[in-house]
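Heads up: the structure comes next, in structure tokens.
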Amino acid sequence: MDLYKNAAHELHEKLVKKEISSVELTISIYNRIDQVEDSVKAYLTLDKENALEQAAKVDKIIASGEKIAPLAGIPGAIKDNISTKGLRTTCSSKMLENFTPIYDAHVIQKLRADETIFIGKTNMDEFAMGSTTETSYFQTTHNPWNLERVPGGSSGGSAAAVVAGEAIWSLGSDTGGSIRQPASFTGCVGIKPTYGRVSRYGCVAFASSLDQIGPITRDVTDAATVLNTICGVCTMDSTSLHEEVPDFTKALTNDVKGLRIGVPKEYYAAGLDPKVDGVLKKALADYEAMGAKIVDVSLPHTEYAVITYYIIAPAEASANLARFDGVRYGYRDMKATSAPEMTTASRTEGFGAEVKRRIMLGTYVLSSGYYDAYYLKAMQVRTLIRQDFAKAFEQCDVLLTPTSPVVAYPIDGKMDPLAIYLLDVCTIPVNLAGLPGISIPAGFVDGMPVGMQLIGKVLDEETILRAAYAFEQSHDYHKVMAPLGGK
Ligand code: GLN
């Protein structure tokens, strides 16, 4: 049985009815990994022994007649910047190549409490900086729809694992689009929750005011299910929101009658691939046919979002990554003869080019004399961007935009960093404003998946999930398996 083809909610039913066992399911995932991982390269570390042990434990619980949580016994994959006790966590960096955490991230604690299964840790851009997984120190992940193309990033490994059948669900992290953009490039569902909904405790910090962990799944029901498990108050994260967590699956009503969908014209501007635009226009027409109302809105400061992000994120990264000094964590140069020399050599060797570029940029914009001109200015523009959204949401309930202006591009390292930065235009504003955003499959262009993004008000994940679910139920893009072929 090709169990790896099922969604988590389908597998939960089968487990409860005792049609399958968790051990059987977990083995089927590892068999699939044996078949396809050489061409996909989604994983950095596998944890087969512990996974099978955990699966056997869940089977015992089921046999005893005890009720199980929706994700119990269902194999998932974890991005390698999320701390897993006793399991190597590298952030795809030479700096942390041999780092094994002594504690679990809050999300991992919650998932363990629900008796889920962790298959392994997934490849990513180094310290989550990038959009392709090409900045990983270890390997580049390949897009299951076309192995010669990027899977997106930085959570490219997590997205590819789910789409290739090497995991049923996964976790990613999103600082400027790193869950939604790979979900879009690989044809699956990725949600970045409202800032503070999910604890950042144990997520290796990149840009603390933007980072947020979230699910990557086959369908919207699974996204809601994983979200149910990982959201919630955490005393170890001072930005954790003390808000009630609803049952997100209750929002999946398959009804969008009267829903006001805002279309911000700035997201449908120059740079958007006309074929991607065509897919989104079709989606809007479909929503209208389902009874939603389409409203034109404007987010006038959108053009400043990318540059604002590329000041704020590197500024925060330069402070966060100062802890990797060769003394406390990770890689240490053993040839240096003094402490300062050792720190310099460890950082020079331990970090890759993209990470060093961001540290330098961040240090520069925070230095005295430049702070006011760059960092402070960026913070002011961030407020304007946030206000744009607040205004737009006076006229609509959700916003519908492309997730990325283009489909996945070839793995050839030819794109210059600046061109790649500019492609983050649709996802970055959502992080700057702390809003929830979801990317779901909306169609195909030249055989590659196209994602559409739904952006919601603060703490209103339910409305974007409702809209996403209604679209999904009237299409079957999420049911098409990636061919795992070339060209
Ligand atoms: N692509 C963006 C960057 O390179 C976003 C990364 C992310 O969300 N972690 O910073």
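Laboratory data are not the source of any read-out in this text; all were calculated from the coordinates shown. Remember, it's a predicted structure, so these values are computed and weren't measured experimentally. Glycine also receives a Cβ, built like all others from the backbone with ideal geometry; neighbour counts cover every protein chain displayed.
Here is how the numbers come out for the structure above:
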| item | result |
| --- | --- |
| Cα-based convex hull, segment 90-186, per residue volume (Å³, whole number) | 96 Å³ |
| Residues in segment 366-381 reached by a label modelled at ILE307 [backbone nitrogen below 17 Å; 7 Å Cα→Cβ] | 366, 370-381 |
| Volume per residue that the Cα convex hull of segment 297-349 spans, once the total is divided by residue count, Å³ | 93 Å³ |
| Whole-Hz couplings from phi, Karplus 6.51/-1.76/1.60, listed for segment 423-439; x for Gly and Pro | 6, 7, 4, 8, 9, 4, x, 5, 5, 4, 8, x, 8, x, x, 10, 10 |
| Exposure proxy ranking, count of Cβ atoms within 10 Å, fewest first, for CYS234, CYS188 | CYS234, CYS188 |
| At R0 = 41 Å, FRET efficiency that the Cβ-Cβ distance of LYS67 and MET415 yields, to 0.05 | 0.25 |
| Magnitude of the charge dipole, the chain, Cβ model with Lys/Arg +1 and Asp/Glu -1, debye to 20 | 400 debye |
| Debye, to nearest 20: dipole size of segment 332-474, +1 on Lys, Arg Cβ, -1 on Asp, Glu Cβ | 480 debye |
| Separation in nanometres of the label points that stand 7 Å from Cα toward Cβ, at ARG328 and ILE102 | 1.3 nm |
| Per-pair calculated FRET efficiency, R0 = 30 Å: ARG260 and LYS479 via Cβ, rounded to 0.05 | 0.55 |
| Over 23 Å [Cα-Cα, segment 19-97], rounded percent | 31 percent |
| HN-Hα J in Hz across segment 383-395 - Karplus 6.51, -1.76, 1.60, θ = phi - 60°, x for Gly and Pro | 5, 4, 5, 4, 5, 4, 5, 4, 5, 4, 6, 6, 9 |
| Proxy reagent accessibility, fewest Cβ within 10 Å first, across PHE138, PHE471 | PHE138, PHE471 |
| Long-range HN-HN contacts of GLY443 with modeled amide H, under 5 Å | VAL450 |
| Calculated [θ] (222 nm, deg cm²/dmol) that DSSP helices of n ≥ 4 give over the chain, each run adding -39,500 (n - 2.57) | -11000 deg cm²/dmol |
| Amide H contacts under 5 Å for ILE411, placed H, 5+ residues apart | ARG149, VAL150 |
| Net lengthening on full extension, GLN139/ALA319 (0.36 nm per residue, minus Cα-Cα) | 62.1 nm |
| Charge-dipole axis of segment 291-444 as Lys and Arg at +1 and Asp and Glu at -1 on Cβ define it, positive-most pick from ALA317, LEU399, ASN431 | ALA317 |
| Taking TRP169, TRP145 and counting other C-beta atoms within 10 Å, the order from fewest to most | TRP145, TRP169 |
| Size-normalised alpha-carbon gyration radius of the chain, reference 2.2 N^0.38 Å | 0.92 |
| Residue-by-residue Karplus 3J(HN,Hα) for segment 476-484, coefficients 6.51, -1.76, 1.60, Hz, glycine and proline x | 10, 4, 6, 9, 7, 7, 5, x, 6 |
| For segment 1-141, with +1 on Lys and Arg beta carbons and -1 on Asp and Glu, the positive-most of ALA77, LEU46, TYR103 along the dipole | TYR103 |
| Spatial separation of Cα centroids for segment 16-81 and segment 380-459, in angstrom | 32 Å |
| Cβ-placed point charges (K, R +1; D, E -1), dipole of segment 75-176 about Cα centre in debye, nearest 20 | 200 debye |
| Amide H contacts under 5 Å for VAL297, placed H, 5+ residues apart | VAL263, LYS265 |
